[in-house]
Each structure stands twice: as structure tokens, then as C-alpha cells.
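Comments concern the structure below.
The values are calculated or read from the model by the stated rules, or taken from the named source; none is laboratory data. Quick caveat, the model's predicted, so the values are computed rather than measured. Here the Cβ positions follow ideal geometry from the backbone for every residue, glycine too, while neighbour counts run over all protein chains shown. SASA here: full protein model, heavy atoms, side chains in, ligands and nucleic acids out. Shrake-Rupley method; radii C 1.70, N 1.55, O 1.52, S 1.80 Å.
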Amino acid sequence: MATFRFQAVKEATGRKPVKVEELDKKSIIFGSNVFNDKAMRQFLTPEAYQAVKSAVQHGTKIDRKLADYIAMGMKEWALSKGVTHYTHWFQPLTGSTAEKHDAFFETSFDGSDPVEKFGGSQLVQQEPDASSFPNGGIRNTFEARGYTAWDPTSPAFIFGTTLCIPTVFVSYTGEALDYKAPLLRALAAVDEAATDVCRYFDKNVKKVTATLGWEQEYFLIDSALANTRPDIILTGRTLLGHTSAKGQQLEDHYFGSIPTRVLNYMRDLENECMLLGIPVKTRHNEVAPNQFELAPIFEEANLAVDHNSLIMDVMQKVAERHDFKVLIHEKPFKGVNGSGKHNNWSMATDTGVNLLGPGKTPMSNLQFLTFFINTIKAVYKHEQLLRASIATASNDHRLGANEAPPAIISVFIGQQLTKVLEELEGVSNGKLSPEEKTDLKLNVVGKIPDVLLDNTDRNRTSPFAFTGNKFEFRAVGSSANCANAMTILNAIVAKQLRDFKKEVDALIESKSMKKDDAIFNILREYIKETKNILFEGDGYSEEWEQEAEKRGLSNHKTTPKALKAKVSKESLALFEELGVMNHVEMEARYEIELEEYAKKIQIEGRVLGDIARNHVIPTAIRYQNVLIENVKGLKEIFGSDYENIGREQITLIKEISEHIATINSKVEEMTEERKKANTLDNAEAMAHAYCDKVKPYFDIIRNHCDKLELLVDDEIWTLTKYRELLFTR
């Protein structure tokens, strides 16, 4: 086995960069493999084209006859590009995408008259087997039927020789079994609520679109090296391994020169992204060695979520061409930074206004303040629910690990906006006098554009930070589907905007208060109520944990505790009211996420036990036997004096024995706890058992394995080491 490791290192160090050809200017190839507006105009009839546009812009249903024309045009476009198959591409609750390919090719019952066939029925709806996907008890195994239904707001695309049609995935009885359906409902809710509020300021606003710009962090490891590590292959992270002498402490990787092999991978990936209409713009080295990031231009949130789900798949496929393994686990390596996926969120009107962008006039700044303060209020009221949206077994390793925000949800807005809110709060209660109103608009609201000059500094310990013209939800994990966080964020903002409008309208009606006065009064009360969620300091400090507890903020450091907020009475009522998810769908997701947590810890425990007993212990014994033979030789030569001469070897033999004994006993204890956890009859109890009883053994076993890595001869150590995984170019 030792030769396998060194052969892999040799193979990795001898790699040559894969040559990548530039296809053309990005502006020319962008969206070439997308059934976008340009393609639709070319391949659809005017009626079919208008039907799709109306569905996208207004949510109108597409007539089945027109669906046939749309399918015909989509098929002709795909065939012109060499496509042979089509698939309904969806996002089940597995954390990855799903697809079942069907050929366009069909024949008659006797095998004659072959034809390429694809009609409206195949476009609009299909029936994949639903029983094998996570469903949280919604479906029984013998009730296998589920439906995928076309989402026209996200354009079809070609990957390889397959036409991929983005769809929602629902059960036979109508419950959502995917990430997309609830997201679309949440986006519709925030559109309606935000549009109603916008009309206080501009009667021309007819639609508000939530926007998202994600930042994807990831590690690249040579595939030969990754294949020597069962933990990387089976869990996406290293379950053991001593930290390298050189890590990220010199801070020489961040924004440094991109290695040639990696740069060629990035260029190849960007080519694929351009063809798929994914507007990637930024690429750079991240903080940890072999860690990188790419980020796109902002898009409508549903499309952005689809693009991120797609790119995580494309990244892996492109990596194979370059002999890389992509790791998007939140914490693949101990001792260096993990990976996140910052979700930059805002809202934009159909009149071209970013609602979180401070304007240049007092009126536009009053609009900005309205949406800015309401977002803060939404986060304050639902901070536990927002924490639950990012809770996973893998993200638990990252949150609060001196590289990512803590598990405490707080909002960072910067000193200048804090001052603006303080001044707004200080205005006297009741109606504003004309002088107060003028003074407020000129001296507080009117100054907001200046904030843009220096308010984009980022508190990297803040999980939810305002960064100039958007909020950055920094706590989302790198492997997460963005839809989970975006569904909850848009839902809580929609709920808050609804409540805000009711309060403002009530003041206008009951007290005959003018609109501006009513808005100022409500916003001032919100500022007073939400102070506890605002925090500008060090989120890693013990002082903040103590302060947050005093403020009544939650601090759920583990997924099983954090997820409970999803099924609280308040959460169930909120999602039911908005029509985003009913209680059956919410409770199913709660169960699915608990089961996923338990299964991931279970797999990691089994892999760790396997590596410890079948790699580490045998290797340590082999080296120990070498030492024993050495001591025997010393005894033959030096007689009774051998103990003094071979003191170091004897001590080393004892140390190795102690580590082996501890590893073996702790693996046995961990296995017994795992068996006990598996007997529990509900997902919640099992998840807590794996979290509290099984997982604590991981660090103990790892610590002793890592000690042995330093003691055992490097020549016989079977597992590729950190210095090779992270620094072999």
C-alpha cells in the first residue's frame, strides 16, 4: 500500500496542464447552449413565444396546444445542435440534481418508421419514480408516483448531447419533493409584498424580483492523490491527517498567482459556463492552499439557484478532464480555512431600481430605508429560522471556526448606517412637523449616498452583513443548495413587508396620518425593536457569546438543535400563510434533514473506523515490529545495557502501543454507540444520538491516528499526507 501513495504522488507531480482552447469571445458564445430569448425567437411561432414570455413575466399558464408548438421548436433547436436525448432536470432533497434521459428517437410498434419525437406532454410533465427520493414520510415505498413539471422561468439548456429542462418535483398528492417549488412560491410571495410596499413610493412598479449573486468556494486536489484517501472519496473530507508544517499561516495563497494547471481548469470551466449562460465573472485563489473561488454576476434568484446547482455538477465533470477532484465540503481539511457560499441578496423593481441601493434623493432614500430596516426586522424576528436554513452536518464544522461566521445570527450594517438609524430613532414621536420632516430628509435620509464610499467594508465574522447595496448571507455552506437559504430569507422578508404595510395603512386610516409620517413612525419603532440583532464586533469572541445570550439571540452550534426552528408553531404558520409550504411539507423536510444528518455521521463513523483499523493500526504495528527487531539486535550486541542504549526505541514502542490500544477501544465504543443510535425509532432522536454520542469519538480517534502519523516511518505510511494533498501542484 505504501507504494500506492508514492505512485500517486509521482503521478500528480508529473502532470502537465491540459491545453484549453478559447472558443470565442465570451460575449459571442454566452448562452449558445441555452434556449434563451434569441433561440425562442428563431424557433418558436409568435404565439408560442408570447406564451412563454407571459408565463415568465406574469405566471400565466401555457395552453397545451401551444405547449406542443413550444416543444416542437425546442426539439428542432436541440437537434440542430446534435442533441439525442432530453431530460427533466430537477433538484430533489438529496442535495444534488437528478435527471433521467430519454431519447428523442422512437419507432412504431412494429419497429418501422423511426422518428425524433418530443411533444408538449413530454415537455410539460413527466412521471419519475418518487419512492427512492427523500420524502420525509409523504410517500410510502409502494406509492412511487411523483411528477416533474416544467419551470418556464428557467430556460432549457444543453449539456453534452442532452436537452435539460428545469422542472419542479412534486408528489402524486401535490406536496413539493424538491428545493425549487418552495423557492418559486417564496419568490412570488416577496414579489407581491414588496410590490405593494414599493407603490408607496412609485405607482409605476408592477413587479419586484429577488436577486442573488453566489460565491462558490472549493478545493482542487489531484485525482490520483484523492483516490488514495477513502475518507475523501466516501465523505468529501479528510477524517484524519496531521496538519502540514506549512498551511495558510504565511497568507501567501490568497489572491496569489493561480497555478497553471488550475488556471487551465478554470478557463475550461468558464467556457462551459458561458455556453450554459452562467455569467461567471470572478476567479481567484482563496485563503487556504489549493482553495479557490468563482463568482457570477447577479441574476434573478431562481435562475441563480439553478445555475449554482448546475455548476457544482459541471465543476466535477470538467475536473475529470484535468485529473482533479473538486471538494465542495465545508471543511475538507483540518487546520486551514473551510469553504462557504456567500449568498448576496437584494431586490430590484421592474423600473430598474435596486431596493437596497441608497438613492440620490430623500424620497428614494426613504424607500431604501424602508426595505433595509424591514429586512433587519425580518432577520431579528426569525433569526432561528435563518440559522436552520444553513444547518448541515458539514457546515457545523465550519461555522465559528475562525474563518466563517459563528452560529449566532446577527446583522452588520457599518458605522455610518448605524448612525443614520440612531438619528432616525431620535426624531420625536407622533407626527413629524414640516420642519422635522425637512430636517430629517435633508440631514439623515438625504446623506445616505455618502455611505457607499466606505460602508462596503466587511466584518468577516458577521453571518448577515450589509455591503453597500445588498445583504451578504455569509453563513451558507459551500455544498448547500442555495434554494434552502433563499426560500427562507425571501419568505421571512415577504412576511415582514406584509406586516409593515398593514401597520402603515392602519396608521394612515386610524390617525389620518400622512403616508411619510406613518412610514417614519413605523420604521422608528422597528429600529428600537431590532437593536439586539445588530452587532459590529468580533463574532468569534467569548464576550459576544455571552452578550448574545443576554440579548436573547440563539446559539445553536449543532444541526439537530438548529433544525428544530423549522417546525415551530411560528414557522409553520408563517409558511402556511404565505403559501410557501404547508405543515406536511415543512415537517417532511425537518425529518429528511435530520435523517441526512444522521446518515452522514454514520457514514463518517464507519469510514473512520475502517481507516483506523485497516490502515493506521496495521501500519503502526508494522513499524513497531521494525523497532522491536532493532531492540532485539541491540540486546544481542550490548547485553543487559541494551535498555539504556535503546531507550528511545523502547519508549517509541510503548507510545505506539498506547495509541493503538486507545484507537481500538474508542472505535469499539463508537461502534456500540452507533448501533444504539440505529435502534432509535424516530429521526430526531437518532440525529441527536449521532450528534451527542457518536460524533464526539471522531476527534479522539483522529488525535491518536494523527500522533501515529508523526511517529511512524514516512516510507510505510499508506495515507497521502496533508503536505502532499495541499501542496502538490
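Structure notes:
- Label-to-label distance for Asp499 and Asp439 is 3.2 nm, based on points extended 7 Å past Cα in the beta-carbon direction.
- Alpha-carbon geometry of region 570-610: the Rg and the Dmax are 15.4, 49 Å, given in that order.
- Solvent-accessible area per residue in region 205-267 equals 37 Å², computed with a 1.4 angstrom probe and all protein chains kept.
- Projecting label points 7 angstrom from Cα along Cα→Cβ for Glu669 and Gln416 puts them 5.6 nm apart.
- Nonpolar atom fraction for region 134-271, defined as the carbon and sulfur part of the 1.4 Å probe accessible area, stands at 52 percent.
- Label-reachable residues, region 177-214, where backbone N falls under 18 Å from a point 7 Å from His583's Cα toward its Cβ: none
- Where N is the number of residues in region 1-110, Cα Rg divided by 2.2 N^0.38 Å: 1.66
- Heavy-atom accessible area order for Asp699, Asp641, largest first, 1.4 Å probe: Asp699, Asp641
- Accessible solvent surface per residue of region 434-571, calculated while the other protein chains remain in place, 1.4 angstrom probe, Å²: 43
- Residue by residue, region 305-315 carries 3J(HN,Hα) couplings of 5, 4, 5, 5, 4, 5, 5, 5, 6, 4, 4 Hz when phi is fed to the Karplus relation 6.51 cos²θ - 1.76 cosθ + 1.60 (θ = phi - 60°); x denotes Gly or Pro.
- Using alpha-carbon coordinates, inclination of helix 362-381 to the longest axis of the chain, degrees: 50
- In the chain, a dipole from Cβ-located charges (positive for Lys and Arg, negative for Asp and Glu) runs towards its positive end, and of Phe412, Pro358, Ala156 it is Pro358 whose Cα lies farthest in that direction.
- Going by accessible surface with a 1.4 Å probe and the largest first, Ile448, Ile233 read Ile233, Ile448.
- Degrees separating the helix 64-80 axis from the principal Cα axis of the chain, which is the longest one: 50
- For the peptides 713-726, 237-250, 500-513, residues were scored by their other Cβ atoms within 10 Å and the scores averaged per peptide; the highest-first order is 713-726, 237-250, 500-513.
- Of the peptides 557-564, 702-709, 529-536, the order by per-residue mean of other Cβ atoms within 10 Å, starting with the highest, comes out as 557-564, 702-709, 529-536.
- Its Cα centre serving as origin, region 1-52 has a Cβ charge dipole (Lys and Arg +1, Asp and Glu -1) of approximately 420 debye.
- Using the Cβ-Cβ distance between Lys207 and Asp313 with R0 set to 45 Å, the FRET efficiency from 1/(1 + (r/R0)^6) comes to roughly 0.90.
- Dipole-positive endmost among Thr720, Leu627, Ile663 within region 618-729 (Cβ charges, Cα centre): Thr720
- Estimated translational D of the chain in µm²/s (Stokes, Kirkwood radius over Cα pairs; 20 °C; 1.002 mPa s): 76
- Theoretical FRET efficiency, 1/(1+(r/R0)^6), r = Cβ-Cβ of Phe638 and Ile233, R0 45 Å, to 0.05: 0.40
- Rounded to the nearest 10 degrees, the angle from helix 260-275 to the longest Cα principal axis of the chain is 30 degrees.
- For the set Asp499, Asp692, the ranking by accessible area, highest first and with no ligand, DNA or RNA atoms included, is Asp692, Asp499 under a 1.4 Å probe.
- With the cut-off at under 19 Å, measuring from each backbone N in region 189-205 to a point 7 Å along the Cα-to-Cβ line of His58 picks out 189, 191-193, 195-196, 204-205.
- Options Asn302, Thr679, Ile611, ranked by Cα towards positive dipole end of the chain, top entry (Cβ charges): Asn302
- Per residue accessible area of region 332-400, 1.4 Å probe, in Å²: 24
- Estimated FRET transfer efficiency (Ser121, Glu320; beta-carbon r; R0 30 Å; 0.05): 0.30
- If only the Cβ of Lys and Arg carry +1 and only the Cβ of Asp and Glu carry -1, the dipole of region 1-120 around its Cα centre is close to 740 debye.
- Out-of-range pairs (alpha-carbon distance over 32 Å; input Lys419/Lys569; Lys180/Lys515; Lys26/Lys341): Lys419/Lys569; Lys180/Lys515
- Distance between the pseudo-spin-label points of Thr662 and Glu525 (7 Å out from Cα toward the beta carbon): 5.9 nm.
- Taking the Cα centre of the chain as reference, the dipole from Cβ charges on Lys and Arg (+1) and Asp and Glu (-1) amounts to some 660 debye.
- Heavy-atom accessible surface of Arg498, to the nearest 10 Å², is about 70 Å², with a 1.4 Å probe and all protein chains retained.
- With contributions of -39500 (n - 2.57) from each DSSP H run of at least four residues, the per-residue ellipticity at 222 nm computed over the chain stands at -15500 deg cm²/dmol.
- Carbon and sulfur %, accessible surface of region 603-729 computed with the full protein complex present, 1.4 Å: 49
- Computing Rg and the Kirkwood Rh from the Cα coordinates of region 473-593 gives a ratio, Rg/Rh, of 1.03.
- Rounded to two decimals, the Cα-based Rg/Rh of region 570-729, with Kirkwood Rh, is 1.24.
- Protection proxy ranking, peptides 150-161, 383-394, average beta carbon neighbours within 10 Å, highest first: 383-394, 150-161
- Listed pairs Lys334/Lys675; Lys100/Lys600; Lys81/Lys470; Lys325/Lys495 exceeding 30 Å between Cα atoms: Lys81/Lys470; Lys325/Lys495
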